[in-house]
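Asks: Below you'll find the structure I mean.
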Amino acid sequence: MKITLSLLRALIKEAIIDDYDSSSIRGGGKFSGTPISEWETGRVLSAWEKHLNNRYLLMQTLKMGSVDEKAMASRELEVCDSKLSYWERHPKFDRAAAAKIIDRVSSEWGLPKIPVGGMSGVNLPPKPALGRVSPTMKAAPGAAGAEKVSSPRFGVGTVVRDLGDGKVQVVFDNDKTRVAKTLHRDFLSPV
């Protein structure tokens, strides 16, 4: 029997996410569970809530953990957010019920509500269409609204990131490597 690459990917994806299904047989047995695409609302929300709790744990770790724990938690947040987003795209995902879960879980953790995905009832900026954008990012060189600056040493460039405390990262027009240099704004003048 030949299997197409897209079918194989779908089967692998289904198997990896199958950890939510306790009815499936593990260890080489035949899959006997319900495919995720056919899950009902309660089961989808239960899986989503699992990752919501994980996100609160990560936020608590960022707040109170050691330096190493904070670094690991910050890396794990992106993975957790992608899992939450996966369940939010499920056809049976109920946004109104999820908003109630957020209220309950945030009060259990004693933390403010976490802005999650595109949830209704949660005040969020819209998610960018292409991946995540850091709040410190500026408009790209050549884009509308890009902040042009000049340095006596490096020439004209574009501020691509504001690092705070007067420091910025600048990509200079005459630098063919397009590597951003970190400079203090005192050494730059607006163009």
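Where a number appears in this text, it was derived from the coordinates with a stated rule and is not lab data. All values derive from a computational prediction rather than experimental measurement. Cβ sites come from the backbone with ideal geometry, for glycine too, and all protein chains shown count toward neighbours.
Asks: Hey, rough spin-label estimate for Val179 and Lys63, points 7 angstrom out along Cα→Cβ, what's it come to in nanometres?
Replies: Going by the 7 Å Cα→Cβ label model, 4.0 nm.
Asks: If you stretched the chain out fully between Arg43 and Ala143, how much longer would it get, using 0.36 nm times the residue separation minus the C-alpha to C-alpha distance?
Replies: Here the segment from Arg43 to Ala143 would lengthen by 31.5 nm.
Asks: Related question: Over 30 Å between Cα atoms: which of Lys100/Lys167; Lys70/Lys113; Lys70/Lys138; Lys100/Lys138; Lys83/Lys148 fall into that group?
Replies: The answer is Lys100/Lys167; Lys100/Lys138; Lys83/Lys148.
Asks: Still on this structure: From the gyration tensor of the Cα coordinates in segment 147-190, what semi-axes in whole Å does the equivalent ellipsoid have, largest first, with each one equal to sqrt(5λ)?
Replies: Those come to 15, 11, 8 Å.
Asks: If you plug each phi of segment 185-191 into the Karplus form 6.51 cos²θ - 1.76 cosθ + 1.60 with θ = phi - 60°, what whole-Hz ³J(HN,Hα) values come out, in order, with x for Gly and Pro?
Replies: Using θ = phi - 60°, the values come out as 4, 4, 8, 10, 10, x, 9 Hz.
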